[in-house]
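Chemist: Take this structure, written in structure tokens, and hold onto it; I'll ask about it next.
The values are calculated or read from the model by the stated rules, or taken from the named source; none is laboratory data. Predicted model, so just to flag it, every value in this text is computed and none were measured. All Cβ positions, glycine included, derive from the backbone under ideal geometry; neighbour counts span all protein chains shown. When the accessible area is computed, the model is the full protein with side chains, heavy atoms only, and any ligands, DNA or RNA have been set aside. Shrake-Rupley method; radii C 1.70, N 1.55, O 1.52, S 1.80 Å.
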Amino acid sequence: PDPDVALLERRDAATDELERLLARRLKRVLADEQNEVLDLLRRTRGTPTAEVVLPSEADHLARYASAALEDLTAAERSGASFYGEAPEAAADVSDTAEQFAAELVRQIRARLERAFDDGGDEQEIGDRIRSCYREWKTQRIADTARHYVVVAFTRGVGGAAVEGTTFRWLVDDGEVPSPDCEDNALAGGVAAGEEFPTGDRWPPAHPGCRCLLPDGIQKITA
């Protein structure tokens, strides 16, 4: 068997369940939030507005970041142990959870705000809100969770690298071909933490990228 293919399959085995766990957790958060928003919509007197019905942006961000952190931390630990025993100190992935939350809130909030801007009565606004949450729960949350699990996993791989480790870029473009990933692969071995030709230090280089850094236990020799 191709050793690179085997390596990618082993990575997928390590991350697939984490991706499902994160997606399920976020679906529950989305469902609870939908119920809260629709309940407040029903109880609002007069013309409902996004400012009155939706949670504040800060609360929105905090809700999703908190929900994502546990599974992203588990993904970091999985990456840290991918090539050997994980170091006791985990790489901080709180910023990854915040990026995850920002991506969700940016897209969901814009759609929810349009539900009010387009006018209509309570029923019409409620239908638009339901449609937004339904789309995220059934179509979009899995892809977003998949991306950020890879981010955290690779953070763990890099954080576990000892001094002198060199990585190469193994392309797994997630069916979204990228010249950047191919350029990085052509660079050969790069010292851990140093930039590949595109300026990326670690995958993913683009949404849908599932590239991997093999040879994490090899050392640079003089």
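Chemist: Restricting to Cα pairs below 8 Å that are 6+ residues apart, what does the relative contact order work out to for segment 150-222? Please round to a whole percent.
Modeler: Normalised by residue count, the contact order of segment 150-222 is 44 percent.
Chemist: Right, something else. Please calculate how many Å² of accessible area segment 107-178 carries per residue, with a 1.4 Å probe and no DNA, RNA or ligand atoms counted.
Modeler: Working: 3390 Å² over 72 residues.
Here the residues of segment 107-178 average 47 Å² of exposed surface.
Chemist: Expected output is a single nm value to one decimal: the length gained when fully extending between GLU51 and ALA185, i.e. 0.36 nm times separation in residues minus the C-alpha distance. What is it?
Modeler: 43.5 nm
Chemist: Averaging sequence separations of C-alpha pairs under 8 Å and six or more residues apart, then dividing by the length of the chain, give the relative contact order as a whole percent.
Modeler: 23 percent
Chemist: Follow-up question, since we're still on this one. Please get the size of the charge dipole for the chain, origin at its Cα centre, with Cβ charges of +1 on Lys and Arg and -1 on Asp and Glu, quoted in debye to the nearest 20.
Modeler: The calculation lands at about 660 debye.
Chemist: Related question: Please give the FRET efficiency for ARG42 paired with SER94, using the beta carbon to beta carbon distance and R0 = 45 Å, rounded to the nearest 0.05.
Modeler: Computed FRET efficiency for ARG42 and SER94: 0.80.
Chemist: Quick check for me: using +1 on Lys/Arg Cβ and -1 on Asp/Glu Cβ, what's the dipole size of segment 51-109 about its Cα centre, in debye to the nearest 20? Don't skip to the end; give the middle numbers.
Modeler: Numbers: 4 positive and 12 negative charges, 44 e Å.
Once rounded to the nearest 20, the dipole reads 220 debye.
Chemist: Among PRO179, THR154, ALA115, whose Cα projects farthest towards the positive end of the dipole of the chain, with charges put on the beta-carbon of Lys, Arg (+1) and Asp, Glu (-1)?
Modeler: ALA115
Chemist: Follow-up. How much accessible area does GLU57 have with a 1.4 Å probe, in Å² rounded to the nearest 10?
Modeler: Accessible area, nearest 10 Å²: 110 Å².
Chemist: May I pose another question? Of the listed peptides 83-94, 201-212, what is their order by residue-averaged count of other C-beta atoms within 10 Å, with the highest listed first?
Modeler: Going from most to least packed, we get 201-212, 83-94.
Chemist: Ok, one more. In the chain, what percent of the accessible surface is made up of carbon and sulfur (1.4 Å probe, ligands and nucleic acids excluded)?
Modeler: 48 percent
Chemist: Still on this structure: How far is it, in nm, from the label point at ASP4 to the one at ALA110 when both lie 7 Å from their Cα along the line to the Cβ?
Modeler: Taking the simple label geometry, ASP4 and ALA110 are separated by 3.5 nm.
Chemist: Mind jotting down the distance between the C-alpha centroids of segment 154-179 and segment 50-120, whole Å?
Modeler: First find each Cα centre; the distance between them is then 23 Å.
Chemist: Count charges around PRO203 for me, please; just the other residues with Cβ under 11 Å from its Cβ, Lys/Arg as +1, Asp/Glu as -1. If you can, show how the numbers build up before the last one.
Modeler: Numbers: positive: ARG11, ARG155, ARG201, ARG210; negative: ASP172, ASP173, ASP180, ASP200.
Within the 11 Å Cβ shell, the charges total 0.
Chemist: Restricting things to alpha carbons, find the Rg to Rh ratio for the chain using the Kirkwood radius for Rh.
Modeler: With Rg and the Kirkwood Rh in hand, the quotient comes to 1.08.
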